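The values are calculated or read from the model by the stated rules, or taken from the named source; none is laboratory data. All of these numbers come straight from a predicted model, not from anything done at the bench. Cβ sites come from the backbone with ideal geometry, for glycine too, and all protein chains shown count toward neighbours. Surface areas here come from the heavy atoms of the whole protein model, side chains and all, with no ligands, DNA or RNA. Shrake-Rupley method; radii C 1.70, N 1.55, O 1.52, S 1.80 Å.
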Amino acid sequence: MRTRRQPLRRARHILTRLTGSTRNRDSAPVPRKILITGASGGIGKALALRYAGPGKTLVLWGRNATRLEDAAAACRQRGARVHIRETDLANGHAALRAYREDDTATPFDTVILCAGLSDMKRMADKTERPETVLELGLVNYATPAALTMAAADRMQQRGGGSIALIGSAGANHDLPFAAGYGGSKAGLARFASSARIALAPLGVRLTLIAPGFVDTAMSRRIVGPTPFLITADAAASRIITALKRDLPEVVFPWPFLVLRLIDRLTPRPLREAVMRRISADQRPREH
Ligand SMILES: NC(=O)c1ccc[n+]([C@@H]2O[C@H](COP(=O)([O-])OP(=O)(O)OC[C@H]3O[C@@H](n4cnc5c(N)ncnc54)[C@H](OP(=O)(O)O)[C@@H]3O)[C@@H](O)[C@H]2O)c1
């Protein structure tokens, strides 16, 4: 029997096919030993809280000790065993050493590389700050990519595992006011789609998450509209489902999938003309 939901479902199916979102047949086993970077706030903390429970070991990374302790305490209250580590992902070599130490103590079945930074050119500036562009490249792209391979190597020796990389829907567009941020996340997206193919035969599943606006400290710095804003908890729920179903990539909420499709179908001169008119600004970071 046809229902009114059918056209919606079909539209979503067509969109999914057009954007290349196919999934492997095997769904992932229940995560028990989980590393989450960026767990001291926002989406990472929401993920930690959702995963926390008896029988779970969570290793939470962040930079701010107080916020990290708060997240750990809330997860322990839910019955999880929790370890924390303060680490700055701008130092990729230190992060790799930390990963290997933590994975030896807690052989991870699931790794969620959520930590990230955003930044935009301030209205008053002519160009983005070179030092910030470098930091964005390290924190959003280089270190998570290196950690992915470190995790994949350990996981394949144990028969497999799941990795999620948190990118951004912004990676699907040319953002003249945030070339450093958009470029770092676009690099991560290409890394994820390439590595997924390479790692699948080793039993390692890789999922790229590309959120639109999520209500966290990051989006609250934006001066201007944040359309289709969702909560960090809603984002965490989408990420957990994507990992469970071993999806290659998830863009949410759905209007950002439509925007990606429009971007792909729009000729470059028109796209450039539109993007030239869009301006954005952001308050300075608190830390
Ligand atoms: N919020 C959005 O609208 C949105 C949209 C698209 C994509 N995303 C992506 O989602 C992810 C999570 O962001 P969020 O919204 O949850 O932001 P958030 O609330 O600002 O949290 C960012 C997290 O990343 C950590 N972090 C930042 N720089 C770090 C560094 N150099 N070394 C180690 N950890 C670092 C922070 O740690 P400390 O607080 O301890 O420093 C914090 O735990 C990011 O990758 C972001 O790009 C967010």
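With a requirement of 1 or more residues that are on the phi < 0 side of the Ramachandran plot and acidic (Asp, Glu), the helices (runs of 4 or more DSSP H) lying completely within the range 25-105 that satisfy it span 65-77, 92-105. One residue is enough: does the range 248-257 have a residue meeting the conditions free of Cβ contacts under 8 Å to residues at least 24 places away in the same chain, more than 14 Å from residue 42 (Cα to Cα) and among the hydrophobic types (A, V, I, L, M, F, W, C)? Looking for residues that are free of Cβ contacts under 8 Å to residues at least 24 places away in the same chain, more than 14 Å from residue 42 (Cα to Cα) and among the hydrophobic types (A, V, I, L, M, F, W, C), one finds none in the range 248-257, hence no.
One line per residue, one yes/no per condition, for (1) open to solvent by 20 Å² or more (accessible area, probe 1.4 Å); (2) touching a Gly at 6+ places or on another chain (Cβ under 8 Å); (3) more than 20 Å from residue 159 (Cβ to Cβ):
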| site | (1), (2), (3) |
| --- | --- |
| 44 | no, yes, yes |
| 47 | no, no, yes |
| 68 | no, yes, yes |
| 109 | yes, yes, no |
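Identify the residue in the range 190-219 that is of a type outside the set (S, T, N, Q) and in contact with a Leu (Cβ under 6 Å, 6 or more places away or on another chain) and, among all such residues, is farthest from residue 121 (Cα to Cα). Step through it out loud before you land on a result.
If we filter the range 190-219 for residues that are of a type outside the set (S, T, N, Q), which is where we start, we get 190-192, 195-206, 208-215, 217-218.
Right, trim to in contact with a Leu (Cβ under 6 Å, 6 or more places away or on another chain) and you get 192, 195-196, 199, 206, 208, 213, 215.
Details: 192: 27, 195: 31, 196: 32, 199: 36, 206: 32, 208: 26, 213: 18, 215: 21 Å.
Checking each candidate, the answer is 199.
Filtered by the rule that a residue be touching a residue at least 24 places away in the same chain (Cβ under 8 Å) and surrounded by fewer than 21 Cβ atoms within 10 Å (Cβ to Cβ), the range 56-66 gives 56, 57, 63, 64. Residue check: is residue 225 at negative phi, open to solvent by 60 Å² or more (accessible area, probe 1.4 Å) and within 14 Å of the ligand (Cβ to nearest atom)? Yes; evaluated as a whole, the condition is true for this residue. Could you tell me whether residue 285 is among the charged types (D, E, K, R) and not in a helix (DSSP H, G or I)? Criteria met by residue 285. A residue that is open to solvent by 40 Å² or more (accessible area, probe 1.4 Å) and either over 30 Å from residue 227 (Cα atoms) or more than 20 Å from the chain's Cα centre (by Cα) (or both) occurs somewhere in the range 173-185.
Results for (1) within 14 Å of the ligand (Cβ to nearest atom); (2) in contact with a Lys or Arg (Cβ under 7 Å, 6 or more places away or on another chain); (3) farther than 17 Å from residue 36 by Cβ, shown as yes or no for each residue.
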{"site": "85", "(1), (2), (3)": "yes, no, no"}
{"site": "94", "(1), (2), (3)": "yes, no, yes"}
{"site": "108", "(1), (2), (3)": "no, yes, no"}
{"site": "115", "(1), (2), (3)": "yes, no, no"}
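Just so you know, in the range 191-217 the residues that are open to solvent by 40 Å² or more (accessible area, probe 1.4 Å) and more than 29 Å from residue 107 (Cβ to Cβ) include one that is farthest from the ligand (Cβ to nearest atom), and it is 215. Residues considered: 262, 240. Of these, the only one that is within 17 Å of residue 167 (Cβ to Cβ) and either open to solvent by 40 Å² or more (accessible area, probe 1.4 Å) or in contact with a Phe, Trp or Tyr (Cβ under 8 Å, 6 or more places away or on another chain) (or both) is 240. Comparison of 84, 166 shows that the only residue that is β-branched (Val, Ile, Thr) and under 18 Å from residue 210 (Cβ atoms) is 166.
This table checks each residue for (1) farther than 14 Å from residue 205 by Cα; (2) away from the ligand (no atom under 16 Å from the Cβ); (3) of a type in the set (Asp, Glu); (4) part of a loop (DSSP other than H, G, I, E, B).
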site: 119; (1), (2), (3), (4): yes, no, yes, yes
site: 132; (1), (2), (3), (4): yes, no, no, no
site: 142; (1), (2), (3), (4): yes, no, no, no
site: 155; (1), (2), (3), (4): no, yes, no, no
site: 170; (1), (2), (3), (4): yes, no, no, no
